[in-house]
Amino acid sequence: MIYDVIVIGVGGMGSATVYHLARRGAKVLGLEQFDIPHDRGSSHGVNRIIRLAYAEDPRYVPLLRRAYELWREIESAVNERLLFITGGIDAGTRDSATVAGSLRSCTLHHIPHELLDAPASARRFPGYRLAEDMVAVYQPDGGFVLAERSIEAYVTAARALGADVQARERVLEWEAGGAGVRVWTGRGSYRAGALVVTAGPWTAEMLPNLAPLLTPERQVLMWSQPRRPEYFALDVFPVFNMETPEGRFYGFPVYGVPGFKIGKYHHLYQRADPNRMDRECHPEDEKALRDAVRRYFPDANGPTIALKTCLFTNTPDEHFVIDHHSEFPQVCMAAGFSGHGFKFCSVIGEIMAELALERATRWDISLFHMHRLLD
Ligand SMILES: Cc1cc2nc3c(=O)[nH]c(=O)nc-3n(C[C@H](O)[C@H](O)[C@H](O)COP(=O)(O)OP(=O)(O)OC[C@H]3O[C@@H](n4cnc5c(N)ncnc54)[C@H](O)[C@@H]3O)c2cc1C
């Protein structure tokens, strides 16, 4: 059979892409090298933060609004809750990039929010103990999306629409020619009219010209048992993104794993090869996170319940790469999500389906074009 589109990599972005292609009636094949889902890429560890007050750049806000809508759409398709609204906090000093950026997005896009000083945030959300010079932007639409469950949901819904999805089948090579593509795996070869590469930290193996732009980086997540569980429950504790002198941290109420979850952007600044990365967690990994729990969330500072490694794939400016291949218009890619991509999976699936089938998208993706990093 000749497919309309082949998708390489069925993780966060690939599973949503396969679904959006199938929803448009395309004959689609998704190929995944490991199990679906698995814990060796970027999309595991129960959940991922979603937030509308986007400190990274206000140009993400229209995409975020669409992402929320499409998360609700896939929830309806599979009749399962995937998006949890807890409220979100962006904290730091008043002039930090996190607080200033979050406020800028709120102002430009008329996003409802409140600015709380440290004592007010502790009164309202007793799990929080911000330093005296910190403030919090509270935005009621913040929350989290389930990670592995979303991948399962997208694959289930895509298969119900006729998509073929094959796990444990690694793509070894692809070739573009004429109007189509051919893909070789350990099991055989397949043809299609178009190819989408959503290979996460392995993207450079499929697209070697992107290697200088994409840096996989080892990350660690920790779950600790709260001493006051009532402060860290789903209905009282907002997700957070917090800039401190010790680094930028993010975290979640207790959900899934019985512990308060925290991570640190760029963790120990360790570049990684996704095929050889150290996936064990060590005392220095725990210490980097434990110090922040002790200082900013002292009532969560009980025994560790779990530690897990994961991978970011960073671009030099930490904005995504979403584009057509420079030589082959029938090939497009979504990569370089730089530690903040998962919340967008739902809308990036839609964008990639449009790029593959129509060679264009109605969304403004100029921020993500590859040439900004090559010029
Ligand atoms: C610790 C951590 C915390 C994060 N927190 C947040 C957060 O709170 N909010 C947020 O929005 N984002 C967050 N992110 C970022 C987000 O999780 C990632 O941006 C997102 O998961 C990237 O998805 P992906 O599809 O690009 O990669 P993946 O989900 O890793 O998918 C790529 C897939 O391609 C497959 N593949 C690769 N090569 C081949 C091949 N040759 N053949 C077949 N299959 C192949 C891989 O096996 C993999 O399954 C976090 C990331 C980490 C690591």
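The values are calculated or read from the model by the stated rules, or taken from the named source; none is laboratory data. Not measured: the values here are computed from a predicted model. Glycine gets a Cβ as well: all are built from the backbone with ideal geometry, and neighbour counts include every protein chain shown. Note: areas computed on protein heavy atoms with side chains; ligands, DNA, RNA excluded. Shrake-Rupley method; radii C 1.70, N 1.55, O 1.52, S 1.80 Å.
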Pairs where the first residue, in the range 162-175, is free of Cβ contacts under 8 Å to residues at least 40 places away in the same chain and the second is assigned to a strand (DSSP E or B) and more than 9 Å from the ligand (Cβ to nearest atom), C-beta under 6 Å, 6+ apart: Leu172/Trp184; Glu173/Trp184; Glu175/Arg182
Complete set of residues in the range 99-147 that are in contact (Cβ under 8 Å) with a residue 12 or more places away in the chain, in contact with a Lys or Arg (Cβ under 7 Å, 6 or more places away or on another chain) and over 11 Å from Pro238 (Cα atoms): Leu116, Val135, Val145, Ala147
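Conditions (1) in a strand (DSSP E or B); (2) open to solvent by 60 Å² or more (accessible area, probe 1.4 Å); (3) under 26 Å from Leu207 (Cα atoms); (4) in contact with a strand residue (DSSP E or B) (Cβ under 8 Å, 6 or more places away or on another chain), marked per residue:
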site: Ser121; (1), (2), (3), (4): no, no, no, yes
site: Tyr128; (1), (2), (3), (4): no, no, no, yes
site: Asp141; (1), (2), (3), (4): no, no, no, yes
site: Val145; (1), (2), (3), (4): yes, no, no, yes
site: Arg149; (1), (2), (3), (4): no, yes, no, no
site: Ala153; (1), (2), (3), (4): no, no, no, no
site: Ala157; (1), (2), (3), (4): no, no, no, no
Residue, least open to solvent (accessible area, probe 1.4 Å), within the range 51-80, restricted to residues that are over 20 Å from Leu108 (Cβ atoms) and assigned to a loop (DSSP other than H, G, I, E, B): Glu80
Only one of Asn275, Asn301 is modelled with pLDDT of 95 or more and either in contact with a Pro (Cβ under 8 Å, 6 or more places away or on another chain) or under 22 Å from Thr244 (Cβ atoms) (or both). Can you tell me which? Asn301
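Any residue that is closer than 30 Å to Val155 by Cα and out of contact with any His (no Cβ under 8 Å at 6 or more places or on another chain) - is there at least one of those in the range 97-104?
Taking the range 97-104 and keeping what is closer than 30 Å to Val155 by Cα, we get none.
Looking for residues that are closer than 30 Å to Val155 by Cα and out of contact with any His (no Cβ under 8 Å at 6 or more places or on another chain), one finds none in the range 97-104, hence no.
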Right, Ser102: polar (S, T, N, Q) and touching a Ser or Thr at 6+ places or on another chain (Cβ under 9 Å) or not? no
So which residues in the range 191-206 are buried (at least 21 other Cβ atoms within 10 Å of the Cβ) and either under 19 Å from Ser326 (Cβ atoms) or more than 8 Å from the ligand (Cβ to nearest atom) (or both), if there are any at all? Ala192, Ala194, Leu195, Val196, Val197, Thr198, Ala199, Thr203, Met206
When you look at Glu132, is it in a helix (DSSP H, G or I) and open to solvent by 20 Å² or more (accessible area, probe 1.4 Å), yes or no? no
So, in the range 207-222, of the ones that are touching a residue at least 40 places away in the same chain (Cβ under 8 Å) and over 19 Å from the mean Cα position of the chain (by Cα), which residue ends up surrounded by the fewest Cβ atoms within 10 Å (Cβ to Cβ)? Asn209
Sort out which residues of the range 257-313 are in a strand (DSSP E or B), surrounded by fewer than 19 Cβ atoms within 10 Å (Cβ to Cβ) and not β-branched (Val, Ile, Thr), and write them in order of number. Gln270, Arg271, Ala306, Leu307
Residues of the range 237-246 satisfying the condition of being touching a residue at least 40 places away in the same chain (Cβ under 8 Å) and surrounded by fewer than 17 Cβ atoms within 10 Å (Cβ to Cβ): Glu246
Scan the range 15-50 for residues that are surrounded by 20 or more Cβ atoms within 10 Å (Cβ to Cβ), among the aliphatic types (A, V, I, L, M) and near the ligand (Cβ under 9 Å from one of its atoms) and jot them down. Ala16, Leu31, Ile49, Ile50
Taking only pairs six or more apart or across chains, which ones have beta-carbon atoms under 8 Å, a first residue in the range 338-357 that is surrounded by fewer than 24 Cβ atoms within 10 Å (Cβ to Cβ), and a second residue that is part of a loop (DSSP other than H, G, I, E, B) and of a type in the set (Val, Ile, Thr)? Ser338/Thr315; Glu354/Thr361
Any residue at all in the range 325-333 that is within 14 Å of the ligand (Cβ to nearest atom) and open to solvent by 20 Å² or more (accessible area, probe 1.4 Å)? no
What do you reckon, is Thr86 at pLDDT 95 or above and within 15 Å of the ligand (Cβ to nearest atom)? yes
